[in-house]
Amino acid sequence: MTALKGHGASILVAALGSAFGVALLQITGALTAVIEQDDVTGSSTTVALMLRVLAFVFIVISVYVAAVVTANTFSTIVAGRVRSIALLRLLGSSARRERGRISWEGLVVGILGSFVGGLVGTGVAVATERIAVAADAIPDAGYTFTDPVILIPVVGVVLTTWAASWVGSRRVTTVTPLEALGRSEELSREETLNRSGRNRTALVLVIVGFALLGLGVVAGLVNPAAILIGLVGGILSFTGIVLGADVVMPPVLRLAGRLSGRSAPARLAAENAVRHPQRSSRATIGLVIGVTLVTMFAVAMAGFETSIRVAQSQNPDVYQGVDPVLTATTAVFSVLVGFSGLIAAVGLVNNLSLSVLQRRRELGLLRALGFTVAQVRRMVLAESAQLTFSAVVLGLLLGAFYGWAGAQSLLGTATEGIVIPGMPWVAIGAVVLAGAAITAIASWAPARSAVRVSPVEALAVD
């Protein structure tokens with residue numbers, strides 16, 4: 001159990017990722033069984049292809065999101081263990097051994113979380129299908145929920161969590177034994193800018209990813225399988241954004257900081273974002289992932305509905321029996337939005353909480369220099385406000401584009417042209433409010449705990 005200490009949120013993220021994929025596969029399987037029994041849609045090879053493609057897309061998205069959030073979480077955990085890792089190095093342990101120990105923790109986290117998530121996902125799918133049948137939304141197709149394909153997201157989350165822990169623990173390779181005797185620091189702004197290899201890779205991934213997204217939209221006018229091109233483009237572009245977050249996010253956060261006022265806590269909060277770019281980007285990217293996911297699925301749902309209505313008006317005979325399918329698919333997208341929000345919220349709360357608690361020495365120094373408890377809390381909340389503003393804006397832009405591109409790539413053949421969906425303003429407003437509330441709560445509680453420690457005790461930390 002020692003290996004699992006401090007990994008409660010990581011286990012929950014892995015469980016949600018597995019449940020996300022399993023529930024979607026099970027619901028998609030039940031929906032396929034319903035469609036196959038329908039006289040109109042059952043004979044459509046296009047509808048069957050769309051469902052198979054969507055199932056694959058959902059699996060990849062769920063596993064990818066769980067991996068990114070887990071890697072981010074492990075990076076935050078390792079950042080807080082630098083001194084203890086350095087001490088072990090001083091006593092003779094190797095960087096490889098310490099990194100292997102952390103990756104082993106990731107494997108255990110992945111196995112536990114994925115197994116629990118598989119059970120929960122199946123339960124959610126069964127409950128959703130039974131409720132839909134009881135409400136006469138869909139007929140009872142006799143789906144058994146025992147398709148072995150559900151093992152794909154379960155195994156996928158285990159492997160990606162393991163890999164994510166290895167990637168997230170790369171900081172271990174740079175920890176030296178001397179850091180056990182002094183105070184370790186994360187990379188500065190100048191050092192992050194000088195990582196030319198990583199920054200160039202991020203730029204290439206972003207450019208290639210968005211190019212593939214555009215290609216997917218064009219190819220979608222011919223074949224719905226073009227969404228697979230868009231899926232690759234989305235993964236590559238977002239991976240590039242995550243890799244380049246250390247460079248991109250601090251200036252954006254500093255700009256957002258100017259909106260917080262000119263008080264000492266507000267100005268210090270704005271400077272902290274640039275002085276500690278890695279810490280800022282780790283906290284920010286969690287919220288970016290959440291806002292992007294929720295917005296993407298909300299916009300995709302709106303685009304799906306718009307495209308189907310356009311297709312119905314153009315070909316009423318072909319799409320006359322598609323309303324039950326549209327209702328069921330809307331329910332699936334609603335499940336997607338819910339799971340996306342949960343994964344993002346857990347990752348955000350975990351990273352923000354760890355980040356604030358790991359700054360007890362810094363907060364203690366501010367107290368020793370004359371900052372009051374109220375001023376320290378205002379500084380942490382100001383940082384959170386800047387983080388929320390920057391992450392929500394970026395997440396909304398990315399999510400809206402990804403959602404539209406996905407819907408257009410899949411349904412371009414049905415609409416026979418480019419369709420601009422209506423924006424789900426209610427969902428977007430809920431995203432903004434939820435992001436602000438979660439960020440404030442996630443930072444307030446650990447900040448309150450940190451400032452309760454006397455300046456002398458806080459300065460003795462590390």
Quick tally, 1.4 Å probe accessible area for MET423, MET379, sorted with the most first, runs MET423, MET379
Let me cross-check ASP136: its accessible surface, 1.4 Å probe, with only protein heavy atoms counted, in Å² to the nearest 10? 130
Let me make sure I get this right: for the stretch 214-258, a, b and c are the square roots of the gyration tensor eigenvalues over alpha carbons, sorted descending. Under 1.5 in a/c it's rounded, otherwise prolate if a/b > b/c, else oblate. Which is it? prolate
I need the phi-derived Karplus couplings for the stretch 152-157: 6.51 cos²θ - 1.76 cosθ + 1.60, θ = phi - 60°, integer Hz, Gly and Pro marked x. 4, x, 5, 5, x, 5
To the nearest Å, what is the center-to-center distance of the stretch 111-126 and the stretch 196-227, using C-alpha atoms only? 32
Amide hydrogen neighbours beyond the local backbone of ILE138, cut-off 5 Å, H modeled: VAL133
At a 1.4 Å probe radius, which order do VAL157, VAL247 fall into by accessible area, largest first? VAL247, VAL157
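The values are calculated or read from the model by the stated rules, or taken from the named source; none is laboratory data. These numbers come from a predicted model, not from an experiment. Please note that ligands, DNA and RNA were not included when accessible areas were found on the heavy atoms of the full protein model with its side chains. Shrake-Rupley method; radii C 1.70, N 1.55, O 1.52, S 1.80 Å.
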